[in-house]
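Read through the structure below, which is laid out as structure tokens, and then see the notes.
The values are calculated or read from the model by the stated rules, or taken from the named source; none is laboratory data. Note that the structure is a prediction, hence the values are computed from the model and not measured. Here the Cβ is made from the backbone with ideal geometry for all residues, glycine too, and neighbour counts use every protein chain on show.
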Amino acid sequence: MSRFRLIAVLPLLLALGGCNFVVLAPTGDIAAQQRDMLVISTLLMLLIIIPVMALTAFFAWKYRQSNTAADYAPDWDHSTQLELVIWSAPLLIIICLGALTWIGTHLLDPYRPLDRIAPGKPVAADVRPLEVDVVALDWKWLFIYPEQGVATVNELAVPVDRPITFRITASSVMNAFYVPTLAGMIYAMPGMETKLHAVANAPVTSTGFSANYSGAGFSGMKFGFMALSDGDFDGWIAKAKTSQGNLTKEVYLELEKPSENAPVQRFATVDPVLFDAVLNMCVETGKMCMKEMMAIDAKGGLGREGANNVLKLTHDKYARRGAVFGTGAGYVLGLCTPEELTGRTLSVAGARAPLAVPSAKTAPAGLPGFTPISLKAGAQPAARAPSNI
């Protein structure tokens, strides 16, 4: 019977052949240091686990009922020497683990700029990190290269031995950006910016993915990762610049719509303020940015007169942007007059004309949910520019 059980287990052992041990064999210095912490922590814990498991089996065997030669001391209840061994060994291991964790937490802080590329190889003073802006969409990844002026979907390329600074956010629900061969996992959250500093030390082709469940297309939310030589990276950028796509705000709003297993896309140009608009939830024309609203709140808010102008600032993929379910879109408009939004002038022969504030029903077309700023009788509006037009 034991032979048949062994044969039944063999297919399971063969399945292990498809395992990828990239976490234990990374190509990035940050990931390698994290791997070392994992290995050292495991070995330290095994210093307790292995003796405990071995002694458990030993005591069970030695003091079995059939072993009449074993010592029998029913009145024994204490041993100072044994207590010192039992408590000092775990205490020393906990101290070692605590010191290792404290040092690693500070040295491998994802917000901390890199001070080395590899062991014994510090970052040169004249080296400028590569900046990559990352946006987690439903269900795909958008990568923007501000310095190079290009963007890609589900494809990330970086040069070898050059520090990388990632700025990470999300369009809707929380995700987690993770390239096992490069660095650790970092969350991507809407309306928030997280950072990650990393470096690739050898050419490699690997896969990155979302490590946080985010809905129906989560399993296909993967992207290709390539660490290239400087020449190959320049060629990759040049190839992206020859693509036909231009990533404007209007194109982004279409790209943002949920889709599964999205193919690789490249954009030759990118709106330079797109990532900031995504981060502050104001990609739509005319919508007040989150940072602007926070600045107004920090100064005391708009007061009762402006309460109707402050509409909801939410980002729910099921309640916005043409989704089947949910209410219509709500907008927070910039601090400007209706005439300024429509390009009209308020001056007549060098003097300001009285402002006739229209009602919501006569709001300019294309601005759903518009509520004009309330003005006191006889008040003249100050000249202001739209906040996000």
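Can you give me the number of residues within the range 265-287 that are more than 19 Å from E147 (Cα to Cα) and touching a Phe, Trp or Tyr at 6+ places or on another chain (Cβ under 8 Å)? Lay out the reasoning, then the answer.
As a first pass, look at the range 265-287 and keep what is more than 19 Å from E147 (Cα to Cα): 280-287.
From the residues that got through so far, the ones that are touching a Phe, Trp or Tyr at 6+ places or on another chain (Cβ under 8 Å) too are 283-284, 286-287.
Residues meeting the conditions: 4.
Residues checked against (1) part of a strand (DSSP E or B); (2) modelled with pLDDT under 90; (3) at positive phi; (4) not hydrophobic (A, V, I, L, M, F, W, C):
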site	(1), (2), (3), (4)
D77	no, yes, no, yes
D109	no, no, no, yes
R128	no, no, no, yes
A136	yes, no, no, no
R162	no, no, no, yes
F166	yes, no, no, no
A176	yes, no, no, no
task: Considering only the range 254-288, state which residues are surrounded by 15 or more Cβ atoms within 10 Å (Cβ to Cβ), part of a loop (DSSP other than H, G, I, E, B) and either on the phi > 0 side of the Ramachandran plot or of a type outside the set (S, T, N, Q) (or both).
output: E256, P258, A262, D271, M281, C282, V283, E284, G286, M288
- request: Find the residue count for the range 204-246, including only residues that are under 21 Å from N261 (Cα atoms), out of contact with any strand residue (DSSP E or B) (no Cβ under 6 Å at 6 or more places or on another chain) and outside any helix (DSSP H, G or I).
  value: 4
query: Counting only residues that are in contact with a Gly (Cβ under 8 Å, 6 or more places away or on another chain), over 21 Å from P263 (Cα atoms) and β-branched (V, I, T), how many does the range 177-203 have?
result: 2
- request: Check the range 233-254 and report whether any residue there is touching a helix residue (DSSP H, G or I) at 6+ places or on another chain (Cβ under 7 Å) and under 27 Å from T27 (Cβ atoms).
  value: no
